[in-house]
Amino acid sequence: MHWQPTASNSMLAARAALNAQIRSFFAARDVLEVETPLMCHASGTDPNLHPVTAAYQPYPHAQPQTLYLQTSPEFAMKRLLCAGSGAIFQLCKAFRNGESGGRHNPEFTMLEWYRPGFSLSQLMDEVEALLVTVLPAGNTQMQRLSYRQLFQQALAIDPHTLPLAELQTLTLTHVPVAAEAATSRGGCLDLLYGHVIEPTLLEPVFVYHYPAEQAALARVTNDEQGQPVALRFELVMQGMELANGYDELVDAAEQARRFIADQQARQQQQLPHIAADQYLLAALAEGMPACAGVALGVDRLLMLQTGASHIDAVLAFPLMRA
């Protein structure tokens, strides 16, 4: 039996040093470190995220209650913002079913932070400042390109306006095995982005102004061409997503509507039902300050910092040895 850790002692030290760098960075900027529960009564409803569940018994032989290991600390942190916490960050574990491979482990470390009063551009500035602090020189010159610009450069199309039939044809040309997933506009764009565009983004780039249907928990606005777009960004480095940031949705009614839309999508895809987080909705109804927030994968950041090619090299014990 292979009981040994997959990370070397030097890698364990590198992780400790990275955590210290992150905490020092936010301390210097007067951003408060917080802790929130990782096991909760509700979880994100996004049909693209698959939470790990736990059976909790308040006493032996009691009827088990289904709880969720959080895919992100987002909902609890937003409740803190609604309660007046001010700028906050958290270094924590997150859990997602179906996550395995060279860059994925079902249990991983996430850095998430929220900046009341920040615009999306200011948050990108801060993400860049953090990476300049922790990454080797040469990895920190970061472009900013819109989702439209990437598709125009790679495929010579406008992803927001190309008719669906043409988009489907283009998708099946580049990803011929994906016919079942290429039935909707969002499905086609996800396939083209994931298979054709993202793997080529080796130099650091912030991708912003995603299609409105990919807003998740971000606000929606009109771009310079009058097209509805999501106020969110992803930072991609060496062909992998490193961070995902939003100009955060603060409208309780719109948040409830998106929960319902997610639940309908989950039902259509025959995924387990996840109830809306009523604590979050109640907090938003009381009022959340306008802010921008971002989640960043710390294991992937450590891979970039140390040159590791597989996530197992930066984890003490990945799932196969946990």
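When only the Cβ of Lys, Arg, Asp and Glu is charged (+1, +1, -1, -1), the dipole of the chain relative to its Cα centre reaches about 560 debye.
Less than 10 Å Cβ to Cβ from F26, Lys/Arg counted +1 and Asp/Glu -1: what total charge do the surrounding residues give?
Details: positive: R23, R29; negative: D30, E33, E126.
Around F26, the charge tally is -1.
The range 52-84 and the range 102-157 have Cα centres separated by 29 Å.
How big is the Kirkwood radius of the chain, worked out from every pair of different alpha carbons and given in Å to one decimal? Could you put the intermediate results ahead of the total?
Details: mean 1/r = 0.0477 Å⁻¹.
After inverting the mean inverse Cα-Cα distance, the result is 21.0 Å.
3J(HN,Hα) along the range 307-314, derived from phi through the Karplus expression 6.51 cos²θ - 1.76 cosθ + 1.60 where θ = phi - 60°, amounts to x, 5, 9, 9, 4, 4, 5, 10 Hz, with x in place of Gly and Pro.
What order, most packed first, do the peptides 144-156, 11-23, 41-53, 104-116 have when packing is the mean number of other Cβ atoms within 10 Å of each residue? Mind showing how you got there, number by number?
Working: 144-156: 16.8, 11-23: 15.0, 41-53: 19.0, 104-116: 20.8.
Those peptides, ordered most packed to least, come out 104-116, 41-53, 144-156, 11-23.
Working from the Cα coordinates of the range 17-120, the gyration tensor eigenvalues give, after taking √(5λ), semi-axes of 27, 18, 14 Å in decreasing order.
Where only DSSP H runs of four or more residues are counted, the chain gives -10500 deg cm²/dmol as its mean residue ellipticity at 222 nm, each run worth -39500 (n - 2.57). For the chain, the relative contact order is 24 percent, taking Cα pairs closer than 8 Å that sit 6 or more residues apart in sequence and dividing their mean separation by the residue count.
Its Cα centre serving as origin, the range 32-118 has a Cβ charge dipole (Lys and Arg +1, Asp and Glu -1) of approximately 80 debye. Each of V314, T71, T200 was scored by the projection of its Cα onto the charge dipole of the chain, and the greatest displacement toward the positive side belongs to V314; charges sit on the C-beta of Lys, Arg, Asp and Glu.
At q = 0.21, 0.25, 0.27 Å⁻¹, what is the base-10 log of I(q)/I(0) for the range 205-284 according to the Debye formula with one equal point scatterer per Cα and no solvent? Please give it to two decimals. Values, matching the q order: -1.04, -1.13, -1.16. Net charge dipole, the range 192-322: roughly 340 debye, given to the nearest 20, about the Cα centre with Cβ charges of +1 for Lys and Arg and -1 for Asp and Glu.
Applying the criteria of a DSSP loop state and at most 14 other Cβ atoms within 10 Å to the GluC sites (Glu not before Pro) of the range 224-277 yields E224. In whole angstrom, note down how far apart the Cα centers of the range 242-278 and the range 297-322 are. So the two Cα centres are separated by 30 Å.
What the Cα atoms of the range 1-42 give is an Rg and a Dmax of 15.7, 46 Å.
Could you rank the peptides 55-67, 288-300, 164-176 by their average count of other C-beta atoms within 10 Å per residue, with the highest value first? All intermediate terms of the calculation are to be shown ahead of the outcome.
Values: 55-67: 9.5, 288-300: 21.4, 164-176: 14.8.
In decreasing order of mean packing, 55-67, 288-300, 164-176 become 288-300, 164-176, 55-67.
P(r) tail, the range 48-192: Cα-Cα pairs separated by more than 27 Å, 52% of all pairs. Start at zero, step by 5 Å, and the Cα-Cα distances of the range 150-253 spread as 2, 12, 21, 23, 21, 14, 5, 2, 0 percent across the bins.
Coordinate-derived values only; no laboratory data. On a predicted model such as this, the values are computed, not experimentally measured, just so you know. Cβ coordinates were reconstructed from backbone atoms using ideal geometry, including for glycine residues, and neighbour counts include every protein chain displayed.
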